[in-house]
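Notes for the one structure printed next.
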Amino acid sequence: MDDGNGSNQDKDKKLLQTLDTFAEYQSRREVAHSKLRQGYFDLALAKRAAGYRWISPDLYSGNAQAIKTIHIDPTSGALSIQQEQAAHEQNDSQQLRRRKQKNNSEKEQKEHREKSKDPLLWFGMLVPPALKDAQAQFNETLDILVELAELKRQLESAL
């Protein structure tokens with residue numbers, strides 16, 4: 001009978017762990033929802049402050065690239081966020097070495113630096129503070145969404 005009780009205790013522990021994970025998933029989901037809502041509200045405030053024609057898809061850069069990317073570990077399935085600016089900085093140092101060898105023009109160096117700038121600068125040098133707040137809210141939400149995906153993976157593996 002001890003084996004039956006030990007087995008039941010293990011099942012109870014797993015169930016409690018799964019319920020704790022689910023509770024955390026629900027709370028993180030609510031936080032992500034509120035941050036997304038605040039981010040869109042800040043974006044609307046920024047459009048109102050700067051004028052609706054100054055913050056629109058018409059001003060998006062044609063050579064836009066992701067600042068953050070999500071990588072999945074093929075062995076464990078774990079998710080991680082990587083800043084692409086770090087990759088840009090590595091590419092910059094490699095390209096600077098090549099440029100010194102090739103003696104490329106200063107204009108090409110300036111164009112490359114402009115490509116890796118903050119996307120807020122697409123809308124001018126003096127962007128409304130609400131636009132910066134919206135960007136911060138969306139960045140925080142991305143981190144939370146990755147945590148949510150990880151928690152969901154844990155829940156699915158427990159079931």
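The values are calculated or read from the model by the stated rules, or taken from the named source; none is laboratory data. This structure is a prediction, so every number in the text was calculated from the model and none was measured. Areas reflect the complete protein model, heavy atoms only, side chains present, ligands, DNA and RNA absent. Shrake-Rupley method; radii C 1.70, N 1.55, O 1.52, S 1.80 Å.
Convex hull of alpha carbon positions in the stretch 1-86: directionally averaged projected area 9.8 nm².
Taking 0.36 nm per residue of sequence separation and subtracting the Cα-Cα distance, how much length would be gained by fully extending the chain between residue 121 and residue 73, in nm to one decimal? Spell out each step's value before the answer.
Working: separation 48, 0.36 × 48 = 17.28 nm, distance 3.29 nm.
In short, 14.0 nm is gained.
With θ taken as phi - 60° and the Karplus curve 6.51 cos²θ - 1.76 cosθ + 1.60 applied, the whole-hertz 3J(HN,Hα) list for the stretch 67-75 is 8, 10, 10, 9, 10, 10, 6, x, 7 Hz, x standing for glycine and proline. Exposure check, 1.4 Å probe, all protein chains in place: residue 61 carries approximately 40 Å² of accessible surface.
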